[in-house]
């Protein structure tokens, strides 16, 4: 089928908008990779000797001769976080597979990996968004030794994959493949977990019962099974052609997961400039790939965090996108997946129903993905309509079955769950924001109610416990943007607001903070830009102002007389409690330098991103 004309038009607008910055980026990676020799050939003898002094004797000969590719392993391994614990075994598998392919591999560096599930509602959560940029910087440090001809990035969760990709794009002349670890097995159903959290928020059960439920939900190695940012990351890497096909949701500790990891090493070794088929990362991540990523996000009801991360990733490749691009694509991309919080299923059920291969095939057939893109597998996204299987301990790929294995979880294009992607941009006198409505019932998509203003999420929860919120209202939570406190996720508010909604009250959340991939059934206008600390008009809202949130019309408005609104000033914030403790004092430079949410909430400048 021909590519959808609106998809082509949106992509062309992005291309024109990015013409200067993209060319500047491409020229930079061309200059970096213009030598046909190994990167090691540019090192002096002292440099080189340092670079392989501790290498395995089997590898030293090849490293010294500089005729075989050397693969950098950049890993987010730590053994506290379930999603990253499986990476412990991967480097040795990769090194063995590289030798079999006539290459070498070295562990180039580790990057930090923090878990929002652990830090949720804690002071450490204020470092979470900035950890993405720390990871990008750490990736650049790992690759800066110029010892490498290709890269394998080992990461899964929220800020880790975007950070790895941003960092790797600064070495865009190197071929790069992302290697996931896969989700943990299905535990307590996510819908049951959500009900128990609501009961705890309402005081109906105690901490012991809540902890028991959480342990049944998060019970072993692997990614959390709901469709939050971590699993949205894996979807993105696949639809953008940066994984091996079908590898996103293969469970850890399975023969297929190990085989795919080994195959990733062999594949990346085959696409370096030392061979005949060079596929540099900076050429894979182009305008079409970014648009494909947005389409994948919308068609699956993925995490709203990617309205930040995809913007930052694109800018790292010299490509300028904004929220209007998401909104325009949402109008033409149907919702094809129902995975919690947009449904009852988890990612394991999504994978068993056909997963990424089925999704990509359906979108390609409808002309809603750019088909002839360069990927880690070569030219064309058709490679990603296949699923992997093991035969004689080797990975082979076969076409995905024609029908969904579970049409209540993964729908064909002909019968989507919704005709649009469920992500909207809201405009009005409160600024610009995004809202995810794929899990919001139609009767809750228009809310008009008095504002109740808070400066801390804890204050909202305490007001609820005191019985002060048993009414229709819009919670206005300000000073939650990246400059104010690092933009922590606020989805610990979800059980509280959901309880009030279940009682029949019309409630909504309006904030310059984040709600992440766990955004659910309560309408939430998030990422309001400019943020209050940067002079955003959300700071003008007073208790009792009528707020109209209309996700169908795409508006977010304080219904206040224009003359009065113009005279109002935002309050002076007391943010002293956000500046110290849990390492926050080390991140003051990030808070002062960070851009707005629609600009990717980036805390460092990129020379090629300013036209």
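Using only the C-alpha atoms, the convex hull of the range 172-234 corresponds to 98 Å³ per residue. The protection proxy used here, the mean number of other Cβ atoms lying within 10 Å of each residue, ranks peptides 165-176, 6-17 as follows, highest first: 165-176, 6-17. Counting beta carbons within 10 Å around each of 347, 134, 285 and listing the fewest first gives the order 134, 285, 347. Here the sum of -39500 (n - 2.57) over DSSP H runs of 4 or more residues, divided by the residues of the chain, equals -10500 deg cm²/dmol at 222 nm, to the nearest 500. Kirkwood radius for the range 371-519, taken over all pairs of different Cα atoms as the inverse mean of 1/r, rounds to 19.2 Å. Plainly put, the range 349-443 has a radius of gyration that is 1.09 times its Kirkwood radius, both from alpha-carbon atoms, as the Rg/Rh ratio. Among 281, 26, 389, 244, sorting on how many other beta-carbon atoms sit within 10 Å of each Cβ, with the fewest leading, yields 389, 26, 281, 244.
Take every Cα-Cα pair in the chain and report what % of them are more than 42 Å apart. Tail of the P(r) past 42 Å holds 20 percent of the pairs.
Averaged over residues, the count of other Cβ atoms within 10 Å places the peptides 396-408, 532-544 in the sequence 532-544, 396-408, highest first.
Stokes-Einstein at 10 °C, 1.306 mPa s, Kirkwood radius from Cα pairs: D for the range 333-387 in µm² s⁻¹? The estimated diffusion coefficient comes to 131 µm²/s.
DSSP assigns beta bridges within the range 423-599; of those with both partners inside it, close to 55 percent run antiparallel. Per the Debye formula on identical point scatterers at the alpha carbon atoms of the range 423-599, with no solvent, log10 I(q)/I(0) at q = 0.10, 0.11, 0.13, 0.16 Å⁻¹ is -0.35, -0.43, -0.60, -0.93. Report note on the peptides 209-221, 188-200: ranked by the mean count of other C-beta atoms within 10 Å, highest first, their order is 188-200, 209-221. Extension gain for residue 407-residue 577 works out to 56.3 nm (0.36 nm per residue, less the C-alpha to C-alpha distance). Listed from fewest to most Cβ neighbours within 10 Å, the set 344, 306 follows the order 344, 306. Across the range 423-599, C-alpha contacts under 8 Å between residues 6 or more apart give a mean separation that, scaled by the residue count, equals a relative contact order of 29 percent.
Bridges between two residues of the chain, per DSSP, are antiparallel at a rate of about 45%. The value for the range 132-266 of Rg(Cα) / (2.2 N^0.38 Å) is 1.27. With a simple spin-label model that places each label point 7 Å from the Cα along the Cα-to-Cβ direction, the separation between residue 212 and residue 441 comes to 3.0 nm. DSSP finds beta bridges in the range 313-411, and of those with both partners inside it, around 90 percent are antiparallel.
We did not get these values from a lab; they are worked out from the coordinates using the rules stated. Since the model is a prediction, treat every value here as computed from it, not as a measurement. Neighbour counts run over all protein chains shown; Cβ positions are idealised from the backbone, glycine included.
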